[in-house]
Every structure is written in structure tokens, then in C-alpha cells.
1. Which value results when the Cα radius of gyration for the chain is divided by 2.2 N^0.38 Å?
2. Which helices, taking whole DSSP H runs in the chain, have alpha carbons extending 18 angstrom or more along the helix axis plus mean Kyte-Doolittle at least -0.5?
3. List every residue whose amide H lies under 5 Å from the amide H of VAL251, counting only residues 5 or more places away in sequence or on a different chain, with H placed 1.01 Å from N in the peptide plane.
4. Using a cut-off of 9 Å between beta-carbons, work out the net charge of the residues near ALA168 (Lys and Arg +1, Asp and Glu -1, ALA168 not included).
5. Share of segment 1-118's accessible area from carbon and sulfur, percent, 1.4 Å?
6. Could you give the accessible area per residue of segment 74-132, probe 1.4 Å, as a whole number in Å²?
7. Tell me the per residue accessible area of segment 179-268 using a 1.4 Å probe; a whole number in Å² is fine.
8. When the helix-only estimate is applied to the chain (DSSP H runs of n ≥ 4, each -39,500 (n - 2.57), divided by the residue count), what is the mean residue ellipticity at 222 nm, nearest 500 deg cm²/dmol?
Amino acid sequence: MNAGDYGNAAAGWASGAARVYGPLAVELVGCSPHPLAGRRVLDAGAGTGLGSAALAAVGAQPIAVDHSHGMLAWDRRRRPPALAGDLSRLPLRDRAVDDVLAAFVLNHLDEPAAGLRELARVTRPGGAILASSYATASGSPARDALDEELRRRGFVPPGWYLDIKAVAVPQVGSAEAMGRAAAAAGLAGPEVSERAVDVGVDHAADLVDYRLGQAQHAGWLASLPAGRRAALRSELIEAIEPVMQPFRPTVVLLAATVRPRGRAAAPG
Ligand SMILES: C[S@@+](CC[C@H](N)C(=O)[O-])C[C@H]1O[C@@H](n2cnc3c(N)ncnc32)[C@H](O)[C@@H]1O
């Protein structure tokens, strides 16, 4: 699967999408079954480093991995060490890290359970695997209105985005599905919750900046003349203002641990 057009996405992610993904990274870190301070934690699918920042804020020592050089290069001098690599085969030895944070990256994989298994391989026994995805049930009239306005102005969702919606998202987009993926990966004690999170996006301008900052829009926005981009933002804000309500995305949050090697799940 084409895992996304993130080569062009870093600036929009950092200035717009971060309004939502920043608070969601903090929420996921807060799900850890044990304190992360002093521990070496892999930020898998790190993007522009929002998860790494949330980890550093609780005293962890993050290491980032992502297959997009463009995302890893963002703010490079202030970010923790990083590796370019794919979640299907990480460039790390077995048990290299204490814990893993995988924020909104399993939903890019054809087989999220295989991705969780690979994350478990590089994690010490007893380490936490923390993962998140949007819930397929997550709804927002203002976001839907915004998407419709974008379509009316010529935006066509790219194939990779439609692919992940069709193939990967159903495998992690509910508490049940995420629980099944964790069980298939052999993780211990999975705790999965599905809940709406207060990300503080209360105004139309914030919702527009978040949505436009997501990677599916990056290529299309880059193809527009600069003046058109600025006008588009104002038009979209005006269009959704009448239906704007606080945006509270529903997310699926997984907190599980890695079993000691050779120990299978108890039957039943
Ligand atoms: C939705 S973004 C999330 C970024 C970050 N975790 C956050 O919450 O802001 C998904 C990230 O995963 C990366 N990614 C997607 N598929 C990947 C894969 N197979 N291996 C490594 N990184 C991948 C993308 O390049 C992108 O940076």
C-alpha cells in the first residue's frame, strides 16, 4: 500500500494538523500502564514529532522512526534522534527499546496486527505498546461540511487515502477491532478504549487549519497558486462558521504490554 503522501505534508502538519494531533498524543501517552520517565520509547510513525514531544514532557527518552524523510526533517535540530524506516521491518534489533508509542500510524498499514508484532519485536518484555487511531464512528457535522466545501472547490481525495480508509482503518477503527489486532499480535493485557477527546478545537479557523494540514490535502494545496490558498482558507472558515461546534474527535486508544518471549496467551 502507498502509505501516504507525507513528503509534502510537514509544514501543514506542524502548523495546522498539530492542533488536534498534539493533544491526542498527550492523551495516548497518558494511557501508559507504567510511568515512562527515564525510559527509551520509540515514537513509531513519528511524523513531525508531536508524540516525541509528549513523551519528553513526561521525562521519557524518545527515538523517532518514520518512513517519510520530509516528516523526520521537520524541526530536526530540536528533535530527538531519528531513524528512517518502515514499520513492516524496523531498522532496530530485538528488544532495542523499553516501550513504543504508535500514534495514528497503524491505520496506514495493510496489516496493523503485523505492525504491532513488529513493534513488539523491538520492545523489551513488559514494555508498553501504546497505539491510537480515529474511530470510524467519529462524526462531526462541521468537519463533514468542510469536506463537502473542499470537494466543491475541486479537491479529489488521493488514492492512498481512499485505500487506507478501505483497508487499514476498519482493522483498528473501533475498540473491538483494535482489541482483535492486539490479540492477533500476541500482546498481553490489552486495554482498549474508544472516547471523544477535548482537543480544544472550538473555532472554525482551527478546524480548517487542522483539516487542511492533513496529508491528503498537501498535494492539492501545493498545486494551487499561493493567493488562491489564502483565499480558500477564508472562504472555508466563512462557509462552516454557521455549523461549527467544538470538534471532539472520537479515538481508539490501545495500551498493552509485550509478553516475555515464548510465553503464549492463556487459553480461553
Ligand atoms: C497520521 S501521521 C501521524 C504522525 C504522528 N504520529 C502524529 O500523531 O502527529 C502518520 C505518520 O506515519 C508515517 N507512516 C505511515 N506509514 C508508515 C510505515 N509503514 N512505516 C513508517 N512510517 C509510516 C507517515 O509518514 C506519517 O508521518
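The values are calculated or read from the model by the stated rules, or taken from the named source; none is laboratory data. Since we're looking at a predicted model, the values are computed, not measured. Here the Cβ positions follow ideal geometry from the backbone for every residue, glycine too, while neighbour counts run over all protein chains shown. Side chains are part of the model used for accessible areas, which takes the heavy atoms of the whole protein and leaves out ligands, DNA and RNA. Shrake-Rupley method; radii C 1.70, N 1.55, O 1.52, S 1.80 Å.
1. Taking the Cα Rg and dividing by 2.2 N^0.38 Å, one obtains 0.99.
2. Going by DSSP H runs, the hits are 226-240.
3. The list, which skips near neighbours in sequence, is ALA135, ARG195, ALA196, VAL197.
4. So the environment of ALA168 carries a net charge of -2.
5. Here carbon and sulfur together make up 50 percent of the probe-accessible area.
6. 45
7. Spelled out: the 1.4 Å probe surface of segment 179-268, per residue, equals 48 Å².
8. -10500 deg cm²/dmol
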